[in-house]
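Colleague: Before anything else, here's the structure in question.
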């Protein structure tokens, strides 16, 4: 294995981590509410702009501004679930789906109206070029992003498995009626779960802000990628989303290195379809169909 | 009751919106000459789209301040193309219904194809602001005109300018390009004529402009190690490429963009400062010696608080070309205006080229790109000589 191949592998892993975090949010939202959040990409862009605004106006590092983005997105997610989606929770699934699509358009066009379509680039003063390890160079932005992804994932895991609200969220995702009978307030639990899902994608967006030029419709690129990763990992399966994110990142990068970037999407989606044909519930999805 | 209230309220909102929209168009317009503008005002290309409209407004205001066209005021009607062919078709239709004297647009080649077809069908003159596709004007249409160089124009500029950049030890070339019509068109054309330059292509690396990272492609470039790298793409993807190269401290003897969406943009140099010194780009540009250029740059900065994106100079120039034709035609009649456009011979303009003259197909025969190099964190025209703002600097100064 030559060094360049390893470099491509490493880059793919690091980017894959960020994809994974965004997809994890989508997967969590689906797992609990059973709705597909079409506003996920747009929420990610909101996270990017939150970091951009806080970082440039206060003159602080984007990695501190990330905390603001996380809080903003949690609040945004909570509000969307509490005031919008919850109101039509009895409506057919496709109506809920269209509602999230509407939210996506409102967010994107809101950003367009406020920030103009101009590209924004955030310079990170914290770093001075890439870290060189022999023939391998590592982007510090991506390395930090990956580390943050691991930390956030660990925290979410702890929240879901060790805290009261986490247990409530898991209970809701397993059996809504049962959870209700146990005295869990579904409405609040759903809103918190949506908030956490939004927070994940917001942090992923925040981590990408120093890497990309941002513009209001940037999230569209990631929306589909998140779907693929979440489905591949088994909708609602957090570890599945994490591992699938890494897989997609690595496949994308290695294809780019070996065959050229034009083939990346093709390879990723071809692999996606193949995996679904063999295992319709995704790589890590449970195959039993409980509810529907 | 609640439902009825909801229904009534939402109907009110819709009615208000519709009314406010139509209200804009019902003004008395016998004294104005309307020019249609079709650009992406929403979506990922909205930044450039808006810039075209901004610069067109500056042109319209300038003409009106000088007394308009034969006593009549110009009015710009801008409609969003949504960046799609379908959106552009609807926009063209809408503008024709508004009775515009001519159409301008569209930034993307796909949209331009559709608009030129619609323009032909309704016999309305269409002046392309920017759309580089070489096949755009090959349908024998009579109503479409293009001021800027096509992809072939830029690519042949590359072949023409390369002797001034190339040193004897430069032998190999790699092209990294976005994989739509525009990037592929340029890459394939250069490939087809590379023998004339004595260079050899060792790598063709297409990528999707929507890619979220170009790390793998850059890694591939490192292993190819070409003497000359030719990057072709839009702003955000090429910005990503440059960042990767700069951060990883990867250099090649020459980096020469062709119609590069980022390298010629003021935002790019604002971001990287002197770190991008040495980068070349063959692109459209304003004539730095023209007073009109100075006016447009200053006016844009004052009105919109930022530097004009270079592509938008064609927005300004498209209005000037139409105004020139309108004056000569003395009427807004489509046929007469079309004939006046075809006879254009404009020497007063802000482009780095000779007179604007259209050939049979509607192409500007003197259109040309210039060779730009980033020096001390600024884009400097280094060739052709008559427009040069400085000399080519061969040794890339150390970043650190």
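Colleague: Which members of region B:183-197 meet the condition of being closer than 15 Å to residue B:157 by Cβ and buried (at least 17 other Cβ atoms within 10 Å of the Cβ)?
Modeller: B:185, B:186, B:187, B:189, B:190, B:194, B:197
Colleague: Something else about it: Of all the residues that make up region B:200-213, how many are buried (at least 20 other Cβ atoms within 10 Å of the Cβ) and more than 7 Å from chain A (Cβ to nearest Cβ)?
Modeller: 1
Colleague: Name the residue that is nearest to residue B:363 (Cα to Cα), counting only residues in region B:114-124 that are surrounded by fewer than 21 Cβ atoms within 10 Å (Cβ to Cβ) and in contact with a helix residue (DSSP H, G or I) (Cβ under 7 Å, 6 or more places away or on another chain).
Modeller: Initial filter on region B:114-124 (surrounded by fewer than 21 Cβ atoms within 10 Å (Cβ to Cβ)): B:117, B:120-123.
Among the residues that remain, those that are also in contact with a helix residue (DSSP H, G or I) (Cβ under 7 Å, 6 or more places away or on another chain) are: B:122-123.
Working: B:122: 20, B:123: 18 Å.
So the residue we want is B:123.
Colleague: Taking residue B:176 as the residue in question, decide whether it is buried (at least 20 other Cβ atoms within 10 Å of the Cβ) and more than 14 Å from chain A (Cβ to nearest Cβ).
Modeller: On the way: buried (at least 20 other Cβ atoms within 10 Å of the Cβ): yes; more than 14 Å from chain A (Cβ to nearest Cβ): no.
No; evaluated as a whole, the condition is false for this residue.
Colleague: A further question follows. Considering only residues that are out of contact with any strand residue (DSSP E or B) (no Cβ under 7 Å at 6 or more places or on another chain) and within 13 Å of residue B:181 (Cβ to Cβ), look in region B:132-143 and name the one that is surrounded by the fewest Cβ atoms within 10 Å (Cβ to Cβ). Talk me through it step by step, then tell me what you get.
Modeller: The initial filter retains those residues of region B:132-143 that are out of contact with any strand residue (DSSP E or B) (no Cβ under 7 Å at 6 or more places or on another chain), namely B:132-135, B:138-142.
Filter once more, so that each one left must be within 13 Å of residue B:181 (Cβ to Cβ): B:132-135.
On the way: B:132: 25, B:133: 21, B:134: 20, B:135: 13.
The selected residue is B:135.
Colleague: Report whether or not residue B:263 is over 15 Å from the mean Cα position of the chain (by Cα), closer than 24 Å to residue B:394 by Cβ and surrounded by 24 or more Cβ atoms within 10 Å (Cβ to Cβ).
Modeller: So residue B:263 fails the test.
Colleague: Same structure again: Tally time: how many residues in region B:341-357 are buried (at least 23 other Cβ atoms within 10 Å of the Cβ) and more than 30 Å from residue B:254 (Cα to Cα)?
Modeller: 1
Colleague: Also: Which of the strands (runs of 3 or more DSSP E) found entirely inside region B:71-167 contain at least 1 residues meeting this: modelled with pLDDT of 95 or more and closer than 13 Å to residue B:37 by Cβ? I'd like the intermediate steps shown before the answer.
Modeller: Details: elements: B:73-80, B:102-105, B:126-128, B:144-146.
By residue number, B:73-80, B:102-105, B:126-128.
Condition check ((1) in contact with a strand residue (DSSP E or B) (Cβ under 8 Å, 6 or more places away or on another chain); (2) within 14 Å of chain B (Cβ to nearest Cβ); (3) buried (at least 23 other Cβ atoms within 10 Å of the Cβ); (4) touching a residue at least 12 places away in the same chain (Cβ under 8 Å)) across all residues:
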residue	(1), (2), (3), (4)
A:178	no, no, no, no
A:202	no, no, yes, yes
A:222	no, yes, yes, yes
A:230	no, no, yes, yes
A:249	no, yes, yes, yes
A:268	no, yes, no, yes
A:275	no, no, no, yes
A:279	no, no, no, no
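Colleague: Hey, residue A:104 hits all of (1) within 14 Å of chain B (Cβ to nearest Cβ); (2) buried (at least 18 other Cβ atoms within 10 Å of the Cβ); (3) touching a residue at least 12 places away in the same chain (Cβ under 8 Å); (4) over 27 Å from residue B:44 (Cα atoms) but one; which does it fall short on?
Modeller: The single condition residue A:104 does not satisfy is (4).
Colleague: Please note which helices (runs of 4 or more DSSP H) are completely contained in region A:1-95 and include at least 1 residues that are within 20 Å of residue A:149 (Cβ to Cβ) and within 14 Å of chain B (Cβ to nearest Cβ).
Modeller: A:3-33, A:40-58
The values are calculated or read from the model by the stated rules, or taken from the named source; none is laboratory data. What you are looking at is a predicted structure, and each value in this text was computed from that prediction instead of being measured. For neighbour counting, all protein chains shown are included, and Cβ atoms are generated from backbone atoms with ideal geometry for every residue, glycine included.
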